[in-house]
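Trainee: First, the structure itself, so that you have it in front of you.
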Amino acid sequence: MDLLEFARGPALQFAALVLVAGTLWRIVGIAFLGKKPDYSEPRGPGGLGAALKVIWTRAFTAEPFKKATLYPKIMAYVMHIGLFATIFLFTPHIVFFEGWMGLDWPGLPNNVIYFIGVATVVSGFALIIRRATSPVLKLISNFDDYFSWFVTMLPLVTGLLIPVRALFRYEDLLAIHILSVALLLIWLPFGKLGHTFLVFMTRGTTGMVFERRGAKT
Ligand code: HEM
Ligand code: HEM
């Protein structure tokens, strides 16, 4: 078995399995977390309404933070939209999804995807440079922040190297690309990239807890 066969076959299958099992493990683990008794008088119902309210309000930045967070916010939007477009709107990827699920959809021209791919990597670098240089962010960042960034960027960078076709054979570049995707899928459920499936659960929980305590949300 050559490297490409290994990457496309066992590596990707193992990664997909870890992704599914790890995601279930985290969601079930959180669902069964013991709830600490709260003897305080509830100041609000703290039900589903409170959860939905905060999911909605947290989609926007609170007025006092607007100016200071504008730059990282734009970069984070570019990075996430870029990730979505490069993964799901690139024709060779759509062919892959079609082979896997039998479903296909229209893609963007390759040149547009390469442009978006470069913009996504640039925004990723802008975010990590800010994290590593801002005194406060630097202090609160840990291994998870840096490693999660690294595994997010790796498929983008290796993907962008494929059409360059320098140094390595196409098959090897593609194999490295697929292995980097496998690494991302394996890590995704366990660190902060778990926000992919937890983001609305955590925001909803914040809403319920805050409303019960009478905090303004
Ligand atoms: C700008 C960024 C990217 C470019 C230019 C790119 C490019 C490519 C190319 C040219 C292929 C080969 C298709 C083929 O010949 O069969 C490929 C395959 C693949 N890419 Fe990307 N890619 C990018 C980003 C990503 C990202 C972010 C992911 C996922 C996180 C991803 C996942 C995959 C997968 C799973 C395959 C495997 C297809 C197969 O087994 O044939 N790619 N990519
Ligand atoms: C439902 C999908 C997703 C949502 C709603 C979401 C939302 C967010 C939000 C709100 C942040 C904080 C941004 C900030 O600091 O201003 C963030 C950060 C981040 N997200 Fe996502 N995300 C999603 C999926 C993903 C996926 C699939 C990946 C990678 C494969 C990813 C990678 C990252 C990274 C690396 C950061 C940290 C950026 C930094 O260092 O500041 N996200 N995401």
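The values are calculated or read from the model by the stated rules, or taken from the named source; none is laboratory data. Please read these numbers as outputs of a predicted model, since none were measured by experiment. In this analysis, Cβ positions are derived from the backbone assuming ideal geometry, glycine residues included, and neighbour counts consider all displayed protein chains.
Trainee: Scan region 184-193 residue by residue and report those that are closer than 20 Å to residue 97 by Cβ and either more than 8 Å from ligand 1 (Cβ to nearest atom) or acidic (Asp, Glu) (or both).
Mentor: Keep residues of region 184-193 that are closer than 20 Å to residue 97 by Cβ, which gives 184-186, 188.
186, 188 - these are the residues of region 184-193 that are closer than 20 Å to residue 97 by Cβ and either more than 8 Å from ligand 1 (Cβ to nearest atom) or acidic (Asp, Glu) (or both).
Trainee: Collect the residues in region 96-131 that are more than 20 Å from residue 151 (Cα to Cα), in a helix (DSSP H, G or I) and of a type in the set (Phe, Trp, Tyr), keeping them in residue-number order.
Mentor: Once the filter is applied, which keeps residues that are more than 20 Å from residue 151 (Cα to Cα), in a helix (DSSP H, G or I) and of a type in the set (Phe, Trp, Tyr), region 96-131 yields 96, 97, 100, 115.
For (1) within 13 Å of ligand 2 (Cβ to nearest atom); (2) at pLDDT 95 or above; (3) within 26 Å of residue 160 (Cα to Cα); (4) not polar (S, T, N, Q), each residue gets a yes or a no:
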site	(1), (2), (3), (4)
4	no, yes, yes, yes
12	no, yes, yes, yes
19	yes, yes, yes, yes
29	no, no, no, yes
34	no, no, no, yes
74	yes, yes, yes, yes
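Trainee: Looking at 104, 145 in this structure, which one is surrounded by 12 or more Cβ atoms within 10 Å (Cβ to Cβ), charged (D, E, K, R) and within 14 Å of ligand 2 (Cβ to nearest atom)? Spell out how you get there, then give the answer.
Mentor: Details: 104 fails: within 14 Å of ligand 2 (Cβ to nearest atom).
Only one candidate passes the filter, namely 145.
Trainee: Then there's this: Consider region 118-136. How many of its residues are under 16 Å from residue 158 (Cα atoms), more than 10 Å from ligand 2 (Cβ to nearest atom) and not aromatic (Phe, Trp, Tyr)?
Mentor: Of the residues in region 118-136, the ones under 16 Å from residue 158 (Cα atoms) are 118-122, 124-125.
So of that shortlist, the ones also more than 10 Å from ligand 2 (Cβ to nearest atom) come out as 118-122, 125.
From the residues that got through so far, the ones that are not aromatic (Phe, Trp, Tyr) too are 118-122.
Number of matching residues: 5.
Trainee: Quick one: residue 88 ticks every box in (1) within 19 Å of residue 196 (Cβ to Cβ); (2) more than 16 Å from ligand 1 (Cβ to nearest atom); (3) aromatic (Phe, Trp, Tyr) except a single one, so which number is it?
Mentor: Just one mismatch for residue 88, condition (2).
Trainee: Is it true that some residue in region 49-68 is part of a loop (DSSP other than H, G, I, E, B), touching a helix residue (DSSP H, G or I) at 6+ places or on another chain (Cβ under 8 Å), charged (D, E, K, R) and in contact (Cβ under 8 Å) with a residue 40 or more places away in the chain?
Mentor: yes
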